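Heads up: the structure comes next, in structure tokens.
We did not get these values from a lab; they are worked out from the coordinates using the rules stated. Quick caveat: nothing in here was measured; it's all calculated off a predicted structure. Every residue, glycine among them, receives a Cβ derived from its backbone with ideal geometry; neighbour counts consider all protein chains shown.
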Amino acid sequence: MKVTRIIILAVALGAGLLAALLMRGMMGQEPVQQAAAVAEQPMLNVVEVLVASEDIQIGSVVDAARLTWRQWPKSSVSDHYITKSSSPDATSDLAGTIARAPFLDGEPIKESKLIRSDRGFMSAILPKGKRAVAVEVRAVSTAGGFILPNDRVDIILTRQTQRSGSGESHISETILENVRILAIDQTLAEKDGEKTVVAQETATVELGPAEAEILAQAAQVGTISLSLRSIADSQPDSEDGSGPSRRAGVNMVKYGVRSRSMARQ
């Protein structure tokens with residue numbers, strides 16, 4: 001009986017020793033296998049692309065400190081991106097340009113969204129064939145100060161039509177629709193420890209030559225107001241997709257006779 005127990009104990013001890021040796025061998029081979037698997041993986045093909053190192057607002061001057069090189073998968077590089085292999089001095093070459101469109105931090109830089117100009121910001125961002133027209137507006141008519149650059153608005157003319165006794169009669173009509181705001185005269189005011197936007201009395205809008213004449217005529221006739229459009233309702237309406245729609249002209253009444261002032265075509 002004692003011999004049987006000794007045999008069983010010896011078999012169990014041998015089995016345990018064998019299992020330990022097998023486990024040690026497997027653990028020793030695993031790092032080697034992992035290293036071999038990593039070595040077999042192909043290296044990712046990347047190139048260095050010029051990107052914005054911080055948010056760049058429209059009209060901002062771009063300098064070298066706001067640009068940086070970042071690795072980018074070669075398969076995802078567009079022909080419009082600037083690569084270090086093709087333009088190694090791009091950070092210094094593009095210094096002093098003006099952003100015609102905003103860039104987000106990490107967004108690849110495109111030369112089509114930059115422009116060199118010594119004539120100032122406004123002429124640099126104006127599309128070809130467009131005019132920047134400044135017009136006086138009432139502060140209370142600019143959506144409470146919430147109209148900002150790149151918003152789109154309708155332009156409303158309010159004018160006096162006739163006098164009735166001691167009272168006055170006025171009429172309002174929309175003369176231009178879907179007009180892009182280039183700049184708005186606003187200031188920050190502090191009240192009760194909180195900063196609020198205070199609308200002022202000048203707005204600069206983007207118009208074609210004919211629309212600019214209509215607005216200039218309207219400014220002499222009455223008061224100009226801006227009506228903010230929803231972003232979902234602000235797609236360009238013109239046939240070329242780049243400008244506002246307009247009414248045929250400005251209605252005017254003189255000595256009880258209604259006439260319509262037309263812009264030259």
Exercise. Say each of residue 134 and residue 177 gets a label point 7 Å from the Cα, pointing the same way as Cα to Cβ; how far apart are those two points in nm?
Worked result: 3.0 nm
Exercise. Residue 204: net charge of surrounding residues, Cβ under 13 Å, Lys/Arg +1, Asp/Glu -1, itself excluded?
Worked result: -2
For this session: Quote to one decimal, in nm, the extra length available between residue 7 and residue 86 on full extension: 0.36 nm per residue of separation minus the C-alpha distance between them.
Result: 20.6 nm
Exercise. Taking the simple approach of a point 7 Å from Cα along Cα-to-Cβ for both residue 64 and residue 79, what is their distance in nm?
Worked result: 3.1 nm
Problem set entry | Radius of gyration and maximum dimension Dmax of region 46-124, Cα, Å | 12.2, 39
